[in-house]
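Comments concern the structure below.
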Amino acid sequence: MDTGSSKRMVEIAGVSKLFGTVAAVSDATLHVDRGDFLTVVGPSGCGKTTLLRMIAGFEHPDAGEIRIGGRRVDAVPPYRRSIGMVFQKLALFPHMTAAENVAYPLKMRRFAPAKIPGLVDEYLGLVRLGDFKDRRPHELSGGQQQRVAIARALVFSPDLLLLDEPLSALDRKLREDMQLEFRRIQQELGVTTINVTHDQREALVMSDRIVVMEGGVIQQADDPVSLYRQPGTPFVARFIGVTSMFPGRVTKETGEAVTVAAGEATLTARGGGAVLGAGAAVECAIRAEQIAIGPRDGAPRFENAVDGIVRQRIFEGERMVYAVEVPGLGGAVLNVFDHDPVSHSVYDETQPVRLEWAARDLIAFPAGPAPAVTTENKPTGSLTT
Amino acid sequence: MKYPLSWRLLDGLEAAAAVLWPARLRRLTAWGLLAPALVLVGVLVIGLGYMLEYSLHELDLATYRLTEAYSLTNYQTILDRPVYARVLGRTLLGAVLVTAIAVALAFPYAYALVRTRSAALRKALLVALFLPFFIGQVVRAYGWLIVLGREGLVNSALAGMGLPTVDLLFTYPAVIFGLVQYMLPFAILLLVPALAAIPEDMELASESLGARWISTFRHVVIPMAKPGLIGASVVVFTLTLTDFAMPEILGGGTSDFIASAIYDSFFQISNPGLGAALSMVLVTLGSLIVAGVFLVAGTGTLGVRGAK
Ligand SMILES: Nc1ncnc2c1ncn2[C@@H]1O[C@H](COP(=O)(O)OP(=O)(O)OP(=O)(O)O)[C@@H](O)[C@H]1O
Ligand SMILES: [Mg+2]
């Protein structure tokens, strides 16, 4: 075993999986470090479950290789892999009690019978279900079932924990509680975890690293903050956070900054991961919370300013959400968050406003199908491909 | 806004129903729907009552009529004549054997049908499953006569290889064989929904928790398929217990089941009292065994989730 593989718990290189002619996963390359919590996030049908099933050994890649703990696992059947998995629908055994469910992997993996009750109690305690040992799954609430499933997946101290959207069926409050609960348990045990979700919030909240997938292709892999700050493709920009997009054309390029003509406006932006020469068609992305909304006659605050009309206003308590139509940008509608609705003025529908934002917050991506960013070799924070 | 025609038609129907069948009568609806089944069961119960009545009258050999007086003579006859004990034992053993073999063979078939990823294989399995239903039991039994007979396919093949021919027909194993072949589709048909109700994730979960497929089968698939297994067993068992054609045709009189004995009592020796008594014994025995199975396996077996 070389030094690299002792830090890397999972290495996936060039893995593809075809179903008929559909490429569920194509040429995926990623790694997970020991003890890390990695989340694979993407819209429904993008290949997340397929990727997870290949790691678990239920599906065989058509190309590429998967290593777990430095060892190639192509020929290793699922029951010999040291992987705990929590399924999308939990898959608790309905004819067994919570304790029997948790004891199952210990029995199957030939743990000493004398040790089993102690381990079962320990892990049911860890998920705070000590008092529910003898209940069957249908006698437990949704959240309690989640806890049994996670205890069952962890009780035999697997090298790797796989979570296939186990929280997606819960209501929002419970889901958020369980996210923190999962994270607490993961950190307490230090188990390497791959979580799969289509909920970008969940990905941001829980993960050490995030992999964004679309259409079977890995778009970007980074830590949550870098990913949020520096989306590598328009898809990532749109998928993570609330982002408005509009088309433009580069008129001047000066180092990192580019000048973009969009509609009747001239804006300053930063290049999003590609060299953009003058004349290049671009897609511009701006996050809702980066836009300042104000009256049209106010003093300029940022490099970029456009005038618009409020089309919709939604009050969410801690923030005000505006949809502002900007005729000068070809009628694009920009989403705007105002995070201080207490002291800032409130603008009503049809009211004219001015939107402003800093040059560094506007990202210009090359238009059209952008090449996916291969972030595996990319130093964190860089913007180049 | 115009709604599609089918919606408007359904709305019309509903309005008409509301007039013809006002809400006051709604609670009778369930009974109304149950009525045909209740009538059918009722007729059966009445028939059974008549049977019981017949069985309690001895045959008067002078008039060949049942005597007026009540007696247990017919039941005494069944106890006294060892042939009836033999036939009954043969029937019970046959039912147990056929149930065990048919369910054991049906399980992998149903499992493959439910789990296969190949659409072609699934279709083939389905066709092979339903085909026998289009061919009656008697026709199939005659088919076996042709295949297994003295000059049949098997013996021709044996003769062709220079081996001595064997008597395959008119033996107890031939009857069991024919019955298993006849019951298999019923068993499969009852097992398929039970297996289809087990999410594949259950098996994958078991596997990833460290179980080989054989442990997965033992600890997950079979316990979860229990309702189907019990349903299939009960149906195959009772159908075999009361079967007539297979023992008649493939047994050729050597391996009569109790149904043949009942038939003979009614139509060969014209003793309806004895036939009725035999029928009562059969019904009682069958009911007791099935009741016993349900008692042991739990009343919730036939699908009620969570019942212990
Ligand atoms: N067994 C299969 N046979 C054929 N196509 C499949 C199979 N499994 C998945 N696919 C296809 O592969 C693609 C990826 O599926 P996958 O289940 O990995 O998506 P997902 O990202 O997990 O989606 P979701 O968020 O809805 O669970 C989809 O287009 C799906 O239709
Ligand atoms: Mg999925």
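The values are calculated or read from the model by the stated rules, or taken from the named source; none is laboratory data. Nothing here was measured: the structure is a model prediction, and the numbers come from that model. Note that we place each Cβ from the backbone using ideal geometry, even for glycine, and neighbour counts take in every protein chain shown. Each accessible area value is taken on the protein alone, full model and side chains, heavy atoms only, with ligands, DNA and RNA left out. Shrake-Rupley method; radii C 1.70, N 1.55, O 1.52, S 1.80 Å.
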Toy charge model, Lys and Arg Cβ at +1, Asp and Glu Cβ at -1: chain B dipole around Cα centroid in debye, rounded to 20, equals 1240
Scoring chain A by relative contact order with C-alpha pairs under 8 Å, at least six apart, yields a percentage of 16
Taking only protein heavy atoms and a 1.4 Å probe, the highest-to-lowest accessible-area order of B:88, A:18 is A:18, B:88
Per residue of B:216-225, other chain Cβ atoms within 10 Å number on average 2
Taking a straight Cα-to-Cα line shorter than 23 Å from residue A:7, and setting aside same-chain lysines fewer than 8 residues away, one finds A:378
Non-local residues with an amide H under 5 Å from the amide H of residue A:25, with H modelled 1.01 Å from N and Pro and chain starts lacking one, are A:17
Probe 1.4 Å, all chains present, heavy atoms only: residue A:111 accessible area in Å², nearest 10, is 60
Distance in Å, no decimals, from the C-alpha centre of the range B:114-158 to the one of the range B:49-75 is 44
Cross-link reach from residue B:123 to lysines, straight Cα distance under 29 Å and at least 8 residues apart if same chain, gives A:17, A:89, B:226
Given Cβ charges of +1 for Lys and Arg and -1 for Asp and Glu, the option among B:78, B:148, A:140 whose Cα lies farthest towards the positive end of the dipole of the protein assembly as shown is B:78
Note on the range A:2-152: contact order normalised by length, alpha-carbon pairs under 8 Å, 6 or more apart, percent, works out to 20
Here the Kirkwood hydrodynamic radius of the protein assembly as shown, Cα-based and in Å, equals 32.2
Note: A:189-195 gets an average of partner chain Cβ contacts (10 Å, Cβ to Cβ) equal to 0
Rounded to the nearest 10 degrees, the helix A:98-108 long axis (Cα) sits at an angle to the longest Cα principal axis of chain A of 70
Under the rule rounded for a/c under 1.5, else prolate if a/b exceeds b/c, else oblate, using alpha carbon gyration tensor axes a ≥ b ≥ c, the range A:234-376 is classed as prolate
FRET efficiency (residue A:319, residue A:266; Cβ distance; R0 30 Å; to 0.05) is 0.50
The correct ranking of B:188, B:289 by accessible area at 1.4 Å, largest first, is B:289, B:188
Relative contact order of the range A:234-376 (C-alpha contacts under 8 Å, at least 6 apart) in percent is 30
Any helix of chain B counts here only if DSSP assigns it H throughout, its Cα atoms span 30 Å or more along the axis, and its mean Kyte-Doolittle hydropathy is at least -1.0, and such helices are B:29-55, B:82-115, B:172-196, B:272-297
Mean 1/r over distinct Cα pairs of the range A:18-169, inverted to a Kirkwood Rh in Å, yields 16.7
Dividing the alpha-carbon radius of gyration of chain A by 2.2 N^0.38 Å, where N counts its residues, gives 1.15
Checked chain B with the C-alpha gyration tensor, a ≥ b ≥ c its square-rooted eigenvalues, rounded below a/c of 1.5, otherwise prolate if a/b is larger than b/c and oblate if not; verdict oblate
To the nearest 10 degrees, the tilt of helix A:116-126 (Cα long axis) against the first principal axis of the alpha carbons of chain A is 20
A 1.4 Å probe over the protein heavy atoms gives the range A:5-229 a carbon and sulfur accessible-area percentage of 50
In terms of the charge dipole of chain A, which places +1 on Lys and Arg and -1 on Asp and Glu at the beta carbon, the residue among A:255, A:228, A:267 farthest towards the positive end is A:228
The set of residues whose placed amide H lies less than 5 Å from the amide H of residue A:9, leaving out same-chain residues fewer than 5 positions away, is A:32, A:33, A:34
Output ordering of B:173-185, A:138-150 (per-residue mean of other Cβ within 10 Å, highest first) is B:173-185, A:138-150
Quick note, the range B:151-291: a/c under 1.5 would make it rounded; otherwise a/b > b/c is prolate and the rest oblate (a ≥ b ≥ c, C-alpha gyration tensor); here it is oblate
Cross-link reach from residue A:107 to aspartates and glutamates, straight Cα distance under 17 Å and at least 8 residues apart if same chain, gives A:121, A:122, B:203, B:207
Across A:50-63, the residue-averaged tally of Cβ atoms belonging to other chains within 10 Å stands at 1
Of B:77, A:39, ordered by accessible area with the largest first and a 1.4 Å probe, the sequence is B:77, A:39
Between residue B:222 and residue B:8, the two model label points (7 Å from Cα along the beta-carbon direction) sit apart by a distance in nm of 6.1
Per GNM of chain B with C-alpha springs under 10 angstrom, the most fluctuating residue out of B:212, B:140, B:115 is B:212
If every Lys and Arg gets +1 and every Asp and Glu gets -1 at its Cβ, then about the Cα centre the range A:234-376 yields a dipole, in debye to the nearest 20, of 260
Among A:219, A:187, A:351, the residue with the largest mean-square fluctuation in a Gaussian network model of chain A built from Cα contacts under 10 Å is A:351
Measure of exposure for residue B:135: accessible area at 1.4 Å probe, Å² rounded to 10, is 70
The farthest towards the positive end of the charge dipole of the protein assembly as shown, of the residues B:51, A:186, B:130, given +1 on Cβ of Lys and Arg and -1 on Cβ of Asp and Glu, is B:51
Candidates A:89, A:17, A:48; GNM for chain A (alpha-carbon contacts under 10 Å) flags as most fluctuating A:89
Given backbone amide H placed at 1.01 Å from N, residues whose amide H is under 5 Å from that of residue A:59, ignoring those fewer than 5 places away on the same chain, are A:54
So the carbon and sulfur contribution to the accessible area of the range A:234-376, 1.4 Å probe, in percent, is 53
The helix A:142-154 Cα axis meets the longest alpha-carbon principal axis of chain A at an angle in degrees, between 0 and 90 and rounded to 10, of 60
Helix-only [θ] at 222 nm, the protein assembly as shown, -39500 (n - 2.57) per DSSP H run of 4+, per residue, nearest 500, equals -13500 deg cm²/dmol
By the mean-Cβ-within-10 Å protection proxy, highest first, A:238-246, A:162-170 rank as A:162-170, A:238-246
In order over the range A:276-283: 3J(HN,Hα) from phi, Karplus 6.51/-1.76/1.60, θ = phi - 60°, whole Hz, x for each Gly or Pro, gives 10, x, 4, x, 5, 6, 10, 10
Counting only protein heavy atoms and leaving out ligands, DNA and RNA, the solvent-accessible surface of residue B:75 at a 1.4 Å probe, in Å² to the nearest 10, equals 50
